[in-house]
1. Quick one: among B:262, B:381, B:205, which has the greatest mean-square fluctuation in a GNM of chain B with alpha-carbon springs under 10 angstrom?
2. Which angle between 0 and 90 degrees, to the nearest 10, do you get for helix A:152-163 versus the longest principal axis of chain A when only C-alpha atoms count?
3. Given segment B:266-341 reduced to its alpha-carbon atoms as identical point scatterers, what log10 I(q)/I(0) does the Debye formula return at q = 0.15, 0.16, 0.18 Å⁻¹?
4. Name the long-range amide H neighbours of residue A:185: under 5 Å, sequence gap of 5 or more, or other chain; modelled H, no Pro or chain starts.
5. Can you list, shortest first and in nm, the gaps between the label point of residue A:233 and those of its counterparts in the other copies, using a point 7 Å from Cα in the C-beta direction?
6. What's the FRET efficiency of residue A:316 with residue A:2 using the Cβ-Cβ distance as r and R₀ = 41 Å, to the nearest 0.05?
7. If you plug each phi of segment A:215-228 into the Karplus form 6.51 cos²θ - 1.76 cosθ + 1.60 with θ = phi - 60°, what whole-Hz ³J(HN,Hα) values come out, in order, with x for Gly and Pro?
8. Relative to the longest principal axis of chain B, what angle (0 to 90°, nearest 10) does the C-alpha long axis of helix B:360-370 take?
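The numbers here are math on the coordinates, done by the rules we state, and not lab data. If you're wondering where the values come from, they're calculated on a predicted model, not measured in any experiment. A quick note on method: Cβ atoms are made from the backbone with ideal geometry, for glycine too, and the neighbour counts reach across all protein chains shown.
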There are 2 protein chains.
Amino acid sequence: MARIVMKFGGTSVADLGRIRHVAAHVKREVEAGNEVAVVVSAMAGETNRLVALCREAAPLHDAREYDAVVSSGENVTSGLLAIVLQSMGIEARSWQGWQIPMRTDDAHGAARIREIAAAELLERFARGQVAVIAGFQGLSPLGRITTLGRGGSDTTAVALAAALAADRCDIYTDVDGVYTTDPRIVKTARRLPRISHEEMLEMASLGAKVLHVRSVELAMLYDVPLMVRSSFADPTIAPPGTLITGEDMDMESEVVTSIAYSRDEAQITLRDVPDAPGVAWRVFGPLADAHINVDMIVQNISDDGTATDITFTVPQGDFERAKAVIEGARDGIRFGKLAGDTEVVKVSVIGVGMRSHAGVAATAFRALGEKAVNIRAITTSEIKISVLIDAAYAELAVRVLHAAYGLDKAVTDA
Amino acid sequence: MARIVMKFGGTSVADLGRIRHVAAHVKREVEAGNEVAVVVSAMAGETNRLVALCREAAPLHDAREYDAVVSSGENVTSGLLAIVLQSMGIEARSWQGWQIPMRTDDAHGAARIREIAAAELLERFARGQVAVIAGFQGLSPLGRITTLGRGGSDTTAVALAAALAADRCDIYTDVDGVYTTDPRIVKTARRLPRISHEEMLEMASLGAKVLHVRSVELAMLYDVPLMVRSSFADPTIAPPGTLITGEDMDMESEVVTSIAYSRDEAQITLRDVPDAPGVAWRVFGPLADAHINVDMIVQNISDDGTATDITFTVPQGDFERAKAVIEGARDGIRFGKLAGDTEVVKVSVIGVGMRSHAGVAATAFRALGEKAVNIRAITTSEIKISVLIDAAYAELAVRVLHAAYGLDKAVTDA
């Protein structure tokens, strides 16, 4: 017997046919003797419809009222799933955020979970009842409804799994797991049977859509094993997937687990910046003040040691604003020339094994060099090497790196 | 300054254009210095959509889950109206049933209100805040969401008006008041400036759609003045309507205030029933056991005092079932023949002035007799005379009675 949290997103509960399919997945786990809590999103399109109504009501609207309106989508799905489960002979009841309660702070629209009352749910598990929980929502200290923002239902599921001390949190989605890279680019990309929380976090940060950064962070913090699996699979058989856990010995055998890429990058280069103490602060201080998220930062030493070039990247949506901020700080920075480019892509090699293996970066540089892919900037972390390259070379670079680290070879499920 | 509860139904909040119009009505009352609570229904069609989803999920579904799903329609409207009011510079916040809380019993799907916590709302009125309340819903003793069933939002509004000791409960709807009779039948029908709770109750019982019986009963019980007015009227001017209050001296001047009719009637006549003690019990006991609502009952004395005829009416939907129940009880009743007819209509003359005026019924009988309308059965109450007639004569009878009691003559607003 295990205690499991199952999470189903909007496409998995898009209509009653899909909800019945979800119920069959739940039934399988219940019949296996497991204690089950199910977290559901709103039916596909419903949250967008409600958000549009709020915007139409007033472009600048009270976030508390927005939350009251938008949270209703999950209330509908949780009630419907409870009805369908009951009709299949499974004892189930729905829970809205305020009923549990799922206590959050009062940052409406992007609330953070503070505390989840688990006792009542645990008591009902013992009686064989399935808890069907409206995701994405909580209760503020003042008794208003909050929503958790982007990736909210994933966050609900992971936080709940932590509060319930669940053995596993299964994230059912429209893909059957996490891949070594984007299968649309590399045909030989394969599903990873397991990866570490940290690797998943890097991949999510780089725009892998399968899980939101925030839910992975939470899973890492509370050491919740996540399983990404397909809700569209035959519900009578536990679908394979990707298990995302803390590191263990096994994992170190694979140096690199995946190649990720992000097109949402814009490069800004400042030429001839005086190489004096405090110059970085004069460049990045104003950007931070403007809430612009700077990612890669590269500072080259100039030939004569008096002036330097600084290159950094920002999200494409902030490109024009970032340039304006820098121009506005020109007197303080005293740079020569500002050059910018949005035709860039960041490609990253990810693997916890990098920590204990030398020469991992060299493999990437050699592979890219052989294909004449010019590297504009490089940043590294303990478990990641990222390179900024011309956007035109994106697919080529992903394929070259995927092959260079041997990710094409099949690995069986653990 | 007055304290007012305003209620807007589904067609009045059908889209954001209509919701803005509602907000303008609210603004007018706020700017007149009033304390305002607004009760809203779900956007037109939304409740039906949610009910259909529950039925599709399972024909026999848990009423608690049904309530959790269906109540979300009102949550959306209350949030949207709060947003629109705020955008017009009016301080407002939404309240869901559990937030107030609006405590009910646990009869899910048809819950009855037990207690409404008013203190917090009153404190916010004092600060100038408008309360926007999701109608139709409450909180059960076990902390589940309940819905109030048919006429639920009207009931919410009246109960709230009682709890807040409001000066008036304005029911905004798609008609501009209560009429002397159905204007589709009688062109000279006119809006009544005022009527009593009791008269409205009789009219609602007879199928007048403007207010649900339950909300009128509640208004009568707690002496809440109701005002029926049009939500489609120019919102910058307080629209005229019909004020429904307890009786006062003024009202007695009008003997009859309205002519109502109901087509939802079926007549059953039992011939040659032994005229012995307990016969009524033997007829109506089995019908009551079958939860069939019997309305008019007429028992004639037979010529020789040994056998009688009993005629009664039931709702048309219960006609076949009622006949079966009576046939099943044939041995106990020992009637001769059972005759039934669904081509009947009940026409009623209503007016609190009947109490103190003689000859009111005679006027009706003479007027109908002059037009050769055959009366099948008559019942009377303190403030109502109802006749059962052939359905073919329905419109004629309504017109004749409307004229006979002088209801065509114009009366100005009080």
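1. Evaluated over chain B, the most mobile residue of the options is B:381.
2. Between the helix axis and the principal axis of chain A, the angle is about 70 degrees.
3. Listed by q, the Debye log ratios stand at -0.43, -0.49, -0.63.
4. none
5. Ordered by distance, the counterparts are at 6.4 nm.
6. For R0 = 41 Å, the calculated efficiency reads 0.40.
7. With the stated coefficients, segment A:215-228 comes to 6, 5, 4, 5, 5, 5, 4, 9, 6, 8, x, 9, 10, 8 Hz.
8. It works out to around 60 degrees.
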